[in-house]
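Read the structure below first, then the notes.
The values are calculated or read from the model by the stated rules, or taken from the named source; none is laboratory data. Values in this document were obtained by computation on a predicted structure and should not be read as measured data. Cβ placement follows ideal geometry from the backbone for every residue including glycine, while neighbour counts extend to all protein chains displayed. Areas reflect the complete protein model, heavy atoms only, side chains present, ligands, DNA and RNA absent. Shrake-Rupley method; radii C 1.70, N 1.55, O 1.52, S 1.80 Å.
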Amino acid sequence: MELFQWILQNSVMFWLLMVVVMLVAELLTLGLTTIWFAFGALVALVLAAVGSPFAVQFGAFAVVSLLVMALARNAALEHFNHDRARTNVDALVGQKAIVTQSISNVKAQGQAVLNGMEWTARGTTEEEIEEGAVVVVRNVSGVKLIVEKEEGTVDRA
């Protein structure tokens, strides 16, 4: 209870401390995990400086933190990760494969060869894809390639 009383009496100092702690935590992690709360704490700091009640300060902190996180997180992650090379199964998306057994989602069958390895394959639609067709990997689900026929290709079969 003593801490809460101190926070109420020193809300400007509390929010300033929160801004600093969140920024330091962000600098140490570099994972875009606490920067949102730093923005919220900054708004709460301004409200504390003009004498707003603590409930208003805390509400603004919560709303601004969540709003900034919702609006900026994906854009920021894309910006910081744009040069990161895709690895493992993520690197397979967009590559081309050759169908070695006709792909039919209805019959639950299909295989394709990609980079010299044979994979179970399923289509993105219910349309059957013939053996010998060139397909493009759109997703990987477990050990299955999710593929669609490449536009403009002629079957090799």
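Surface composition of the chain: carbon and sulfur make up 63 percent of the accessible area, probe 1.4 Å.
Relative protection proxy for 24-36, 133-145, from highest mean packing down: 133-145, 24-36 (other beta-carbon atoms within 10 angstrom). log₁₀ I(q)/I(0) of the chain at q = 0.19, 0.21 Å⁻¹, via Debye over equal Cα point scatterers, no solvent, to two decimals? Log10 I(q)/I(0), no solvent term: -1.04, -1.16.
If I model a spin label at residue 91 and residue 9 as a point 7 Å from the Cα along the Cα→Cβ vector, what separation in nanometres do I get? Computed distance between label sites residue 91 and residue 9 equals 6.1 nm. For a paramagnetic label modelled on residue 126 (point 7 Å from Cα along Cα→Cβ), amide N atoms under 16 Å away belong, within region 91-113, to 104-109. Highest mean packing comes first when the peptides 120-130, 39-49 are listed by Cβ atoms within 10 Å, giving 39-49, 120-130. If R0 is 25 Å, what FRET efficiency do you get for residue 55 and residue 33 from their C-beta distance, rounded to 0.05? Given R0 = 25 Å and the Cβ-Cβ separation, E is 0.45.
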